[in-house]
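Encoded as structure tokens, the structure appears first; notes follow it.
The values are calculated or read from the model by the stated rules, or taken from the named source; none is laboratory data. Everything numeric here is computed off the predicted structure, so don't read it as measured data. Positions of Cβ are generated from backbone atoms using ideal geometry, with glycine treated the same way; all protein chains shown enter the neighbour counts. Please note that ligands, DNA and RNA were not included when accessible areas were found on the heavy atoms of the full protein model with its side chains. Shrake-Rupley method; radii C 1.70, N 1.55, O 1.52, S 1.80 Å.
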Amino acid sequence: MVDEQKACFTYETYHEGENKILKVSLETCTFPPSIEYSELCMSKIIDLLSENSGVTIITLTQQREYEYDYSQTKLLMELAELYQRLNHENRRSYSHLVTNPITERYVRGSYALFQRIISKRLKEDPFAAYVELKRLERQEKLKREQAIDQRQIASQDRFIQIIRQVVQLLEQLRLIALLLPFSKEYHLSERVIYGNVFFPTTRPDFMYTKLITAFPEGELVETYKFNSGPDVCEVNVFQQDDDIKTMYHLTPPEFAFTEDEYRLLDDAKRIMSEHKPGREEFVDPQRMREVFYSIGKDLLNDLLEQRASNLDDKRVKQLAQALLRYTVGFGLIELLLADPKVQDVNLNAPNGELPIFIVHQDYGDCITNIYPTRLEVESWATKLRLISGRPLDEANPILDTELKVTGFSSRVAAISAPLSPNGLAFSFRRHRDYPWTFPLYLQPKIGFINPLAAGLLSFLIDNNATILVAGTRSSGKTSFLGSLLVEIMRRIRVLTIEDTFELPQESLRTLGYNLESLKVASALSAPGAEVDPSIGIRSTLRLGDSAIFVGEVRSKEAIALFEAMRVGAAANVVAGTIHADSPYGVYDRVVNDIGVPKTSFKAIDIIVTANPVISGLKKFKRVLRITEVRKEWDEDPLKENAFVDLMVYNPITDQLEITDALRNGNSDILKRMAGRIKEFAGDWDAVWNNIELRAQTKQEIVVQALETQNPALLEAEFVIRANDQFHLISDAIKEEKGRLDNSEILLRYKDWLKREARKKKL
């Protein structure tokens, strides 16, 4: 549908889901594409709404797209209906004012103003029309009070009654009601007032995702910036008035580009869209991105040369990065995941109607100012199919995979119809750039564990415990399992088994670990070419002496895992994660739900339970207990006291505290381990002193990091070196003195640590 008489104002209407969209092109118009700041634009939109009923979304295009959502469009639809009613249906009700010669004599000039207000002013500036009508009403009342001619009084009364009726109709408009609270500072014809009601989402043409650029009402609680390649992104966090939701407001680098740069990107995107990468190119996504980045950069330089324009190399790199994001990349999702403070990114169906939601490390669950369109979301699904080689369709409505981009990696879960009848939905779980470590968890602002828990777990890992990390969703299980990996000595071979890579295997290989990663079929995917998890776990038993880490125990592969635990218990660490909220919850899930024999369950030595702790509106991740599983029971481990807590979380102190069992040395697991070590056999004090020594070494790293203001000391690269040094010093002192001297070990370790911390600072 095209309005041929107004070439600068072509439009179309179409349906998208339940929405009827009025899309208006203002590319050749001389006025701005803004209903709130252009009276001409508002006037023309009211005309179009008068001609097109049932519109729920208005989109204006002029280099960018500006979208007014249903709530804003509804305000304009109400105005259009009133405008049509006053200028067509009700005109007869007041036309007698000018057709009656007697009345016309007294109200001629005022009536002409009244007509201009309702026929022109109303649709271009409704609040000004309301104010002018109120003033006209007062003016006519004054005339009436001064009149002495009864015919004039009667004429004024009829005219005032008509003005009053129109004013009342205007007061019934939701738009006027919303604007009235801002009228105190209002000056006639100033359009700033409309910015309180109309705030379209906006995006350049080369983007599919829409953003609300205006800041919300509420308290600005934090502003920070982060880097994504050559780009700098700004984040403003708002606590909204009278609302428990927190707003994460992202300003991407694209919104600092000029209109000429937008046009350049639009042209480059159209040219690049002619080549759609196929499955073979997505086999190595990182390599493909490097190629497309180079192609995009060269293309931008060629277009600049054709236009006799010039941009510095840094700006061209920024434009090329944006072009990459909106062609073969994942758009603004990539910027969200590049923020190191963002932990999860979630997108719900129906697409385009809801914002993206995130989980922030400091503010928890947040809403964002980002609204991806259906077209954008469908492009993500296509790319994930190509990257993973897994289907996502009606027959296979679930897809688990990983997304790796320079600067971040994440696990992706996608669902589609019929499981999600309203459309595609995604959850991106951001992986930390480097593995978590015990010292990172010990920081006061994190407090996931405390030094003594770190020392205890370090001792258990060095002595080949079998460990399950249990917890609910988003409790930090997999991240914590990764920190256990960092505690493994680098001379030991490590095998990891996952259906979607989440453990920090690439980082650990870079840091010198002898690590082999195995990928198995997802428990949620349809049978295909991928290896069954049970077979994958059993295969590790034929790959030589190795520590085994299983990303998550979900289904029947648990039987194979416990087989691995029974075989590997005396040789190396076997560890994994599982969804459960308590030690008995682990038993119930493993034995009663999955079908692992009770005798096999006894292969577990330690269960670490992690869960969020709630304080007001905030949630904090904590290890709630470290529990050993004793072997002397037959039917029910809970009734037969097989679960013995070694440490338990105290919500009052916000600390893991040792139990009497650990304090008194009443731990079968630790005694069994001590029995295999000459220095600890039969000597509980020696075991306990070694646990405390390890706790002190972990805490000392945190102390040095804070004193030198060098957070790099907490990262895996340094922590692994520190762990190596602890073992080397311990071994050297044992050779020198014939025994472990904890005081001497700690003294030498501290000296080494301080020297290294000073080097790092320099």
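Taking the criterion of being open to solvent by less than 40 Å² (accessible area, probe 1.4 Å) and touching a residue at least 60 places away in the same chain (Cβ under 8 Å), the residues of segment 646-657 that qualify are LEU646, MET647, LEU656.
The one condition from (1) assigned to a helix (DSSP H, G or I); (2) of a type in the set (A, V, I, L, M); (3) surrounded by fewer than 19 Cβ atoms within 10 Å (Cβ to Cβ) that ILE729 does not meet is (3). Each residue in segment 249-274 was checked for being within 24 Å of LEU403 (Cα to Cα) and either modelled with pLDDT of 80 or more or touching a Phe, Trp or Tyr at 6+ places or on another chain (Cβ under 9 Å) (or both), and 8 pass.
The selection criterion, being free of Cβ contacts under 8 Å to residues at least 60 places away in the same chain and acidic (Asp, Glu), holds for GLU234. Picking from residues in segment 355-370 that are surrounded by fewer than 20 Cβ atoms within 10 Å (Cβ to Cβ) and of a type outside the set (A, V, I, L, M), the one that is modelled with the highest pLDDT is PHE357.
Here is the figure for segment 697-725: residues that are in contact with a helix residue (DSSP H, G or I) (Cβ under 6 Å, 6 or more places away or on another chain), of a type in the set (S, T, N, Q) and over 17 Å from VAL486 (Cα atoms) total 3. Only a single item in (1) open to solvent by less than 10 Å² (accessible area, probe 1.4 Å); (2) modelled with pLDDT under 85; (3) of a type outside the set (A, V, I, L, M) is not met by GLU502, and it is number (1). Scanning segment 15-62 for residues that are within 23 Å of ALA129 (Cβ to Cβ), of a type in the set (S, T, N, Q) and not in a loop (DSSP other than H, G, I, E, B) gives SER43, SER50. When the test is whether a residue is among the basic types (Lys, Arg), outside any loop (DSSP other than H, G, I, E, B), touching a residue at least 40 places away in the same chain (Cβ under 8 Å) and surrounded by fewer than 24 Cβ atoms within 10 Å (Cβ to Cβ), ARG429 passes it.
Scanning segment 635-645 for residues that are open to solvent by 70 Å² or more (accessible area, probe 1.4 Å) and either touching a residue at least 24 places away in the same chain (Cβ under 8 Å) or among the polar types (S, T, N, Q) (or both) returns GLU635, LEU638, ASN641.
Report yes if some residue within segment 336-354 is open to solvent by less than 30 Å² (accessible area, probe 1.4 Å), free of Cβ contacts under 8 Å to residues at least 60 places away in the same chain and touching a Leu at 6+ places or on another chain (Cβ under 9 Å); otherwise report no. No, the conditions are met nowhere in segment 336-354. Among the residues of segment 479-504, those that are of a type outside the set (A, V, I, L, M), touching a residue at least 24 places away in the same chain (Cβ under 8 Å) and farther than 19 Å from PRO439 by Cβ comprise ARG493, THR496, GLU498, ASP499, THR500, PHE501, GLU502. Here's a check for you: in segment 411-460, which residue that is among the charged types (D, E, K, R) and under 24 Å from LEU511 (Cα atoms) is modelled with the lowest pLDDT? Ranking the candidates gives ASP433 first. When segment 384-410 is filtered for residues that are at pLDDT 85 or above, under 22 Å from LEU324 (Cβ atoms) and either open to solvent by 20 Å² or more (accessible area, probe 1.4 Å) or out of contact with any helix residue (DSSP H, G or I) (no Cβ under 6 Å at 6 or more places or on another chain) (or both), the ones remaining, listed by number, are LEU384, ARG385.
Count of segment 641-661 residues, restricted to those that are outside any strand (DSSP E or B) and over 16 Å from ALA610 (Cα atoms), is 7.
Close contacts from segment 446-462, counting a first residue that is over 21 Å from ILE604 (Cα atoms) and touching a residue at least 60 places away in the same chain (Cβ under 8 Å) and a second that is open to solvent by 10 Å² or more (accessible area, probe 1.4 Å) and basic (Lys, Arg), with Cβ to Cβ under 6 Å and a gap of 6+ residues or different chains, come to PHE448/LYS621.
Among the residues of segment 684-740, the one identified as free of Cβ contacts under 8 Å to residues at least 12 places away in the same chain and of a type in the set (Lys, Arg) is LYS737.
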